[in-house]
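Structure record follows, encoded as C-alpha cells.
The values are calculated or read from the model by the stated rules, or taken from the named source; none is laboratory data. Predicted model only: the values in this text are computed from it and were never measured. Ideal geometry is used to build each Cβ from the backbone, glycine not excepted, and the neighbour counts take in all protein chains shown.
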Amino acid sequence: MSKIAAYELAKKQKEISVAEFFERNKHILGFGNPTRALITSVKEGVDNSLDACEEVGILPDINVEIRNHEDGECKIIVEDNGPGIIKQQIPHIFGRLLYGSRFHAIRQSRGQQGIGISAVVLYGQLTTGKHTRIISKIKEDRPAVVMELAIDTNKNRPEILNEDIIHWDKPTGTRIEVNIVADYTRGRRFVYDYLQSTSIVNPHAQIVFREPDGTKHVFERTTDILPRKSVEIKPHPHGIELGTLIKMAKHTNSRKLSAFLKKEFSSMGERTTNAVCETAQLDKNLDPKKMTREQFLALHQAFKKVKIMAPSTDCLSPIGETLIKRSLKHETKDISPEFIVTATRPPSVYSGNPFQVEVGVVYGGSLPKDKPVKLLRFANRVPLLYQQGDCVSTSAISDIDWRRYGLEQPNGKGIPIGPAIFLTHVSSTLIPFTSESKEAIADIPEIENEIKLAFRECARKMQSHIHKKVRRAKTREKFELITKILPEIAKKSAGMLNKPIPILDNIITKIMDVVWIEDLIEYEKIINPEKHHPTQTTLPSADTHPIDREREPGYITKSTIMIVNYKRKPQRFNLYAVIPEDAVVGTVTPKPVKITKNYIKWRLDTIPPANKVDVYFELAGLNKGDFDENDLYVENINPAYVIGADKWEGE
Amino acid sequence: MMRDYTHVIEKLDGIAAKIYNDLINNEIPFIRLPTRAKSNIRFDEKLNVWKYGKNTAERSAKSLDGANMLLRTMYMIEFIKSMIKTNKSSTLREMYYISEGWNLAKFNSQQESDLLAEDLEVITRCMREDFKLRPEEDGARIIGDITIEEVTRNGTKKKIHCQDDVGDAGYSIPYNVEPEKISFKNVNADFILAIETGGMFDRLAENNFDETHNAILIHLKGQPARSTRRFIKRLNEEKNLPVLVFTDCDPWSYRIFASIAYGAIKTAHISEYLATPASQFLGVTPSDIENYKLPTDKLTKEDIKALKSELADPRFQDPFWKHEIKLQLNLGKKSEQQALAKYGLDYVTDTYLPEKLAEVGIYKK
C-alpha cells in the first residue's frame, strides 16, 4: 500500500473542456451531422437577431447569407438591424458557452439555455479551425466594432484575436460571420423551410436569404406591429423544483418565510401563503436562509397539496389569429388555397407554467390530395423542423378523427391525408421540449388537450366552410337558372307560339324559395403621407389597441351584403356580421342596432317578395385580404330558408 | 317525295305550348316522359316486344339540370321545325355541332344531344326520321341470294342482287330502309344469319356459306344500328325468313341479340318497329365453350358485372338465358366466334354452324 488510490484517481480528475463537452453532446445540441449543423447555425443566428430586435422594439430586418460552398465548408453570415452589442459583451456572448441574459428569467423567449450562438462559434472553430468575425454597431453616429473571436476550449473563455473599428452604413446592428463544415446541398431545403416558417410566425420580420449561387429569397414583412413584449414573471409554486426552491431561499432578501413566498412567487397571496405554511407545518416567521432540507421538502410538498391560483398568463405573447391568417395567406399564395382558418385558445397552465396554443389550417388549392397533411410546428415563434413524430402536436392531431371534416384518415387515427397544412404554435414561459435540441414538445396532457381543442375548433370552421360552399354553389346554380335559363325558355316557347313573353316573378320565387344573401368585399388603400413608426403594444393592450391601429396606413375593408327575398312571403329578421376583434368599424348602413367588438347587428325592415336590401359596413385597421369573407348569421327566421348565413347561436 | 310534316309540327308545338302554359299559370314548367331505364321496360303481350313501362320522370325547371334540358328541348324543336320548313335534313352529329351555337343550351357531348333526340321521339311518338334527323352511317352489309330494289339519289329505282352485283364487302344497308326507299324482290334463302364480327362475316363469305347453305348473311357491326334492325325485321316479316344471331360468347354480345329480338332499352319506345321477336340465338353459347372445347379468356370484372346485370334484366328472364348466364359465371370464361378457327378455317362452315342450325331445326340439305 505505497499509494493512496484516491490520489491516483485525483490525477485523472480534471475539468473537462467545453470542446470535449461539445464533442460528446453535439447531437443533442443540434450539430449531429453536417446538415443539422447548417440549419442549427442559421437558426441560432436568426433567433438571436429576432430576440434582440424585439427587445428594443425594432422591426427586424435580417439578412442571411451562405457563401463559399466548397469542400463541405460554408460561411454563414447573419446580419440584423438590432440594437447591437456593447464591445465588452461581444466576447462573452459569442465566445463563452452557457452565458446569457435569459437563462434565469421566466418569460416567453426564443432561446433559453445560452448555449446557442456560442455553440455555433465553437462548432465552426472545431471543424474549420477558422475564427468568427463579429461586427456590431450600437449608435448611429459611432463607428462599428469588428472583432475576431475564438474560444479557449480549456477555460471556456473567449479569445480576442483582432479588434478594430470600421465604418458601417447601418444605424445599428449586429453581423456574425462564421465558417463551419456543413452539407449545403442537403441542408439547403431545410434552411429555406426554416426561414419561410420563421417568417410565418414572425410576420413583423423581413428576412432576406442569399444562397451561394446568388439566388435571393425575400420573406416579406406582413405587419408593422411588433409582437406584444412578453413580460417577466415570478415562478409559480407548481412549477418549481426543490433545488431551485432551496437556491432561491439562499439568495432571498426576505427574512421571513411568508414574505419570501409572497414576494418571490406568483399567485401567493396572504391566504394561500398561510395555507401553505400550515400544511407544511412550518412557522411562517422562519428565516428562509436557515431552513433545513426537510423543511424545504415539506414546503415543496405543501405547494402540491394546497389549492393555488394559476399564474397570470398575460406574460405570453401570442401571434394572434389575424396575423397567423395573414402570414399563412402570404406564404401560401402560390398554392391559392380555398380557405384558411385559425383558432386561438385562451392561455392555460401546466405545472405552474403558462402556455397558449394557436393553430391554423390552410385548405385546398394546389396542395396534394393524396399526401399526408403538412405539419408546421412552432414553439415561441421558432419553427421545429425535426422529430415531428415525438411532438405533442403530432399526437394531438393524430388523435382527432378528421374523416368527418373532409380529410382521409385510415381508421380515424394518425396524420390525416388531404390538401391541407396544419400550423401549431405553442407559446410558453417554459416550453417543455423532449430534449436539448429543442425539436419536439413533450407529451404534456394539458398542452395536448389545448392543441386538440384548438384543432377541433378549426375543423368545425372547415366543415362549415365546406358546407357553405356546397350550399352556395347550389344556390348559384339556381340563380343562373332564374336569371338566364328560365327567361330563355320563356322567350323560346313564346317565340315558337307567337305569343307574348310571360312574366316570371312568381315562378322565380317558387323555384328559389329562399332568402338569398350574397356579399362582396373590397379594399380601398388609404394613402398616409406621414412616415409611421412601428408601434409596440404594451400591457394592458385592450384600450390602446384601436388607437394605435388607426394610425396605421393600409386598407379600408368594405363589405357589401345583398339580401334578396325569394320567398313568397315578406320576410323580417335580424342579421349579424362577425368582425375581427382588432378591426375598427367605420361607416355602417343601414343603422345597426348594436356594434360590439365581435359583431354588428341589424334589425332589418320587412323585405317584400322579390325585393332586395343592401347592408354595408367598413372596417379599418386590417390589411388587404385579412377580412376576405363575411361570417353572417340570422335570427328570427327559419335558417333553412336562408342561403349565405347560418343560425345565430348567441354570442 | 314530299312527306306531310303537319302532324310532326303539331306535336312539337304541343311541347312548347305545354311549357308556355306552365309559365303563364305560374307553375314551374316541366315535361313528363317515361323513365328510360332497365327498371322500366315491360313485355308488351300484344306486340311481343319489350316497351317502356308506366314509370315516368319529370324534367322540371326546378333544378338547373332540368331547366337546361327544357331549354335544349326548346332549341332542338326550333331547329327541327326550321329543317322541316326549309326541306333540309341533318345527321345527329351535324345537329350536335349546330348546337354549339345554342349558347346556354349547347350540349357537352353528342351523346347528350342524341339522347335528347330520342327523348323527343318518346314524347311525341314520332320517329327521328320525322324530325329530319339521321344517324352518321351504318355500313352494315349483307350478302346472299336476294335482290334489293333501292331508290337512288337521283330518284331512279335500281335493282341490286346481293351476290352477283356486289363485291366481297356485300351490299351496304342505307340508313333509310323504309319501303319508300327499299323493297325486297326475289328472295331465295332459307334463313338470315346475323353475324356480330366482320372477321366472321368475311370467313363465311369466303367459304361461300351463303351459297352452300342458302343463307342471307348480315354483318351487324357490333351493336346494330336502327336501320340494320329495321332491315332484319322487314326481311323477317315480309319474306318470312327465320333470323339467327351468331355472336361472340360474352355479355355484350347477348345484349346485341336482345336488341334485335326483344328491343333495346334506349329505343324501347319503338321496339315494335325495330325488334324481331322471332329471332333466335345460335351461338356462341357458354355451353358451346364446353361442348366444342373452345379457347377462352377469363371474364373481366366488367364482364361479370354485365352478366349479373343481365340476370336482373327482365328481357333475359327465360330458362335458356338464365341457364347459360349462370353457366358462364361458373366457368368464369368467355370466348369469341373466331375461336372456332382452332379446328381449321372450314370448321365453322362445315361443322359448327350446320350442327347448331340442326339444333334449332333449320338445317336442310
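Being surrounded by 14 or more Cβ atoms within 10 Å (Cβ to Cβ), touching a residue at least 40 places away in the same chain (Cβ under 8 Å) and farther than 30 Å from A:Leu50 by Cα: is that true of A:Tyr405 here? In short, yes. The residue of region B:222-238 that is nearest to the chain's Cα centre (by Cα), among those that are free of Cβ contacts under 8 Å to residues at least 60 places away in the same chain and assigned to a loop (DSSP other than H, G, I, E, B), is B:Gln223.
So that you can scan it fast, the table gives a plain yes or no per residue for (1) farther than 22 Å from B:Val245 by Cα; (2) part of a strand (DSSP E or B):
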position	(1), (2)
B:Glu150	yes, yes
B:Asp164	yes, no
B:Glu178	yes, no
B:Ala189	no, no
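Each residue in region A:364-404 was checked for being in contact with a strand residue (DSSP E or B) (Cβ under 9 Å, 6 or more places away or on another chain), more than 23 Å from A:Ser199 (Cβ to Cβ) and of a type outside the set (Lys, Arg), and 6 of them qualify.
Restricted to region B:262-365, the set of helices (runs of 4 or more DSSP H) holding at least 2 residues that are among the aromatic types (Phe, Trp, Tyr) and over 29 Å from B:Arg226 (Cα atoms) is empty. Identify the residue in region B:325-338 that is out of contact with any strand residue (DSSP E or B) (no Cβ under 8 Å at 6 or more places or on another chain) and in contact (Cβ under 8 Å) with a residue 40 or more places away in the chain and, among all such residues, is nearest to B:Ile195 (Cα to Cα). Among them, the one singled out is B:Gln338. Screening A:Ser395 on (1) more than 30 Å from A:Asp224 (Cα to Cα); (2) part of a loop (DSSP other than H, G, I, E, B); (3) not aromatic (Phe, Trp, Tyr) shows it passes everything except condition (2). If we scan region A:602-615, do we find a residue that is in contact with a helix residue (DSSP H, G or I) (Cβ under 7 Å, 6 or more places away or on another chain), in the same structural domain as A:Ile517 (by TED's automatic domain parsing) and not in a strand (DSSP E or B)? There is at least one residue in region A:602-615 that is in contact with a helix residue (DSSP H, G or I) (Cβ under 7 Å, 6 or more places away or on another chain), in the same structural domain as A:Ile517 (by TED's automatic domain parsing) and not in a strand (DSSP E or B). Condition check for A:Thr313 on (1) crowded, with 20+ Cβ neighbours inside 10 Å; (2) touching a Phe, Trp or Tyr at 6+ places or on another chain (Cβ under 9 Å): one failure, at (1). Residues that are out of contact with any helix residue (DSSP H, G or I) (no Cβ under 7 Å at 6 or more places or on another chain), among the charged types (D, E, K, R) and farther than 21 Å from B:Ile325 by Cβ within region B:227-283 comprise B:Arg234, B:Glu237, B:Glu238, B:Lys239, B:Glu272, listed in sequence order.
Per the conditions (1) in contact (Cβ under 8 Å) with a residue 24 or more places away in the chain; (2) outside any loop (DSSP other than H, G, I, E, B), the sole criterion not satisfied by B:Ile160 is (1).
Residues of region A:502-511 include at least one that is assigned to a loop (DSSP other than H, G, I, E, B) and either modelled with pLDDT of 90 or more or surrounded by 14 or more Cβ atoms within 10 Å (Cβ to Cβ) (or both).
Criterion first (modelled with pLDDT of 85 or more and surrounded by 14 or more Cβ atoms within 10 Å (Cβ to Cβ)) does A:Ile579 satisfy it? Before you say what the answer is, go through the steps one by one.
Values: modelled with pLDDT of 85 or more: yes; surrounded by 14 or more Cβ atoms within 10 Å (Cβ to Cβ): yes.
For A:Ile579, the condition - modelled with pLDDT of 85 or more and surrounded by 14 or more Cβ atoms within 10 Å (Cβ to Cβ) - is met.
Among the residues making up region A:446-496, those that are within 11 Å of chain B (Cβ to nearest Cβ) and charged (D, E, K, R) are A:Lys474, A:Arg476, A:Glu477, A:Lys478, A:Glu480, A:Lys484, A:Glu488, A:Lys491, A:Lys492. Restricting to region B:8-43, name every residue that is under 15 Å from B:Arg125 (Cα atoms), out of contact with any strand residue (DSSP E or B) (no Cβ under 9 Å at 6 or more places or on another chain) and facing another protein chain (nearest Cβ under 9 Å). Selection gives B:Leu12, B:Asp13. Looking across region A:133-158, just one residue is outside any strand (DSSP E or B) and either of a type in the set (A, V, I, L, M) or not assigned by TED's automatic domain parsing to the domain that holds A:Glu54 (or both), and that is A:Ile138.
Taking region B:158-189 as the range and being under 23 Å from the mean Cα position of the chain (by Cα) and acidic (Asp, Glu) as the test, the residues that pass are B:Glu178, B:Glu180. Count of region B:63-91 residues, restricted to those that are more than 14 Å from chain A (Cβ to nearest Cβ), in contact with a Lys or Arg (Cβ under 7 Å, 6 or more places away or on another chain) and part of a helix (DSSP H, G or I), is 1. Every test in (1) surrounded by 16 or more Cβ atoms within 10 Å (Cβ to Cβ); (2) not in a loop (DSSP other than H, G, I, E, B); (3) not acidic (Asp, Glu) is passed by A:Ile637 save one, and that test is (2). When residues in region A:464-494 are screened for being small (Gly, Ala, Ser) and out of contact with any helix residue (DSSP H, G or I) (no Cβ under 8 Å at 6 or more places or on another chain), 2 of them pass.
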